[in-house]
Amino acid sequence: MLHKTRGVVFRFTKYGDTSIIVNIFTELFGMQSYIVNGVRSQSAKSRIALYQPLTLLDLIVYHRENANIMRIKEIKCLYPYHAIPTDIRKSALAMFINEVINKTIKEESHAQELCEFLIQSLIALDQQSKVENFHLLFLIKLSRFLGFGAQNKNEIVAGRIASQEAEAMLEQLVSAAYDAPLVISNTLRRELLDVLLRFYADHIETLGEMKSVQVLREVMS
């Protein structure tokens, strides 16, 4: 049966000589795997751009309950990024966001709300001029969709080591929008990220080491 849905690409893996299996978080069905044939052939190489991580898509898909791999009937880009591919700060943030969501988002519950959040967050990252605190706000907002959402700074700190300055800033961050004019030093921003990642690690056993953090720190310093 055919369904129209929006989605966010999480990752893809090569399959056979010219095909891929792409994992897309859709607003109708949550995380789904789709096989796309021939997309890595010489004649179709331009189409592979649609399956790069974090690409926002409009889709018409075939869906069968309990099937492991589906097929896509029609696909087009929902929103083409303008700044993320060319701005080194935004590229580093996108890399971090991609690692976070691949490690944390597994289930299909609240798919529509979570998909909408991801789409609007990524569009905001692409469009905003000041993004140095974006990853901190993203982690706080995403946690609310993952079932351990932080509504106040005490839930984030909760026995984890944090300076008074960090606690005071977390109080602002938990209610701030992406475009909030928050002034945070590089040193404090690093501490806040460490606290938030410990907060995540305590709730998600499979989080492990975040490889993109080092790149993010270098770019944002």
#### Entry: At R0 = 41 Å, FRET efficiency that the Cβ-Cβ distance of Ser109 and Ser163 yields, to 0.05
0.70
### Query
For Lys141, which lysines qualify as cross-link partners when the Cα separation must be under 22 Å and same-chain residues fewer than eight apart are set aside?
Lys90, Lys103, Lys106, Lys130, Lys153, Lys211
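In Å, what Kirkwood hydrodynamic radius results for region 135-221 from the alpha-carbon pair distances?
13.3 Å
How many percent of the accessible area of the chain is carbon or sulfur, using a 1.4 Å probe?
Result for the chain: 51 percent of the exposed heavy-atom area is carbon or sulfur.
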### Task
On each of the three principal axes of the Cα atoms of the chain, give max minus min coordinate, whole Å, ordered largest first.
56, 36, 27
### Query
Which distance in Å, rounded to a whole number, links the C-alpha centroids of region 1-67 and region 144-174?
36 Å
### Summary
Here Rg/Rh (Cα, Kirkwood) for region 131-174 equals 0.96
#### Entry: Computed helical MRE - 222 nm, the chain, DSSP H runs ≥ 4 contributing -39500 (n - 2.57), nearest 500
-12500 deg cm²/dmol
### Query
Of all trypsin sites (Lys or Arg not before Pro) in region 33-100, which ones are in loop regions per DSSP and have a Cβ with at most 10 other Cβ atoms within 10 Å?
Arg64
### Query
Where in region 185-200 does the amide nitrogen come within less than 20 Å of the point 7 Å from the Cα of Gln151, taken along Cα to Cβ?
199-200
### Task
For the chain, return all DSSP H helices satisfying: extent of Cα atoms along own axis at least 27 Å; mean Kyte-Doolittle hydropathy at least 1.0.
none
#### Entry: Principal axis dimensions, region 68-125 - Cα atoms, whole angstrom, descending
36, 27, 20
### Message
I'd like the GluC sites (Glu not before Pro) in region 93-128 restricted to DSSP loop residues with at most 15 other Cβ atoms within 10 Å, sorted by number.
### Response
Glu107, Glu108
#### Entry: Nearest-20 debye value, the chain charge dipole, Cβ charges on Lys, Arg, Asp, Glu
820 debye
### Query
Any idea what diffusion coefficient region 1-123 gets from Stokes-Einstein, in µm²/s, Kirkwood Rh on alpha carbon pairs, 10 °C, 1.306 mPa s?
107 µm²/s
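The values are calculated or read from the model by the stated rules, or taken from the named source; none is laboratory data. All figures in this text were calculated on a predicted structure; none of them were measured in a lab. For neighbour counting, all protein chains shown are included, and Cβ atoms are generated from backbone atoms with ideal geometry for every residue, glycine included. What goes into the accessible areas is simple: the full protein's heavy atoms, side chains included, and nothing from ligands, DNA or RNA. Shrake-Rupley method; radii C 1.70, N 1.55, O 1.52, S 1.80 Å.
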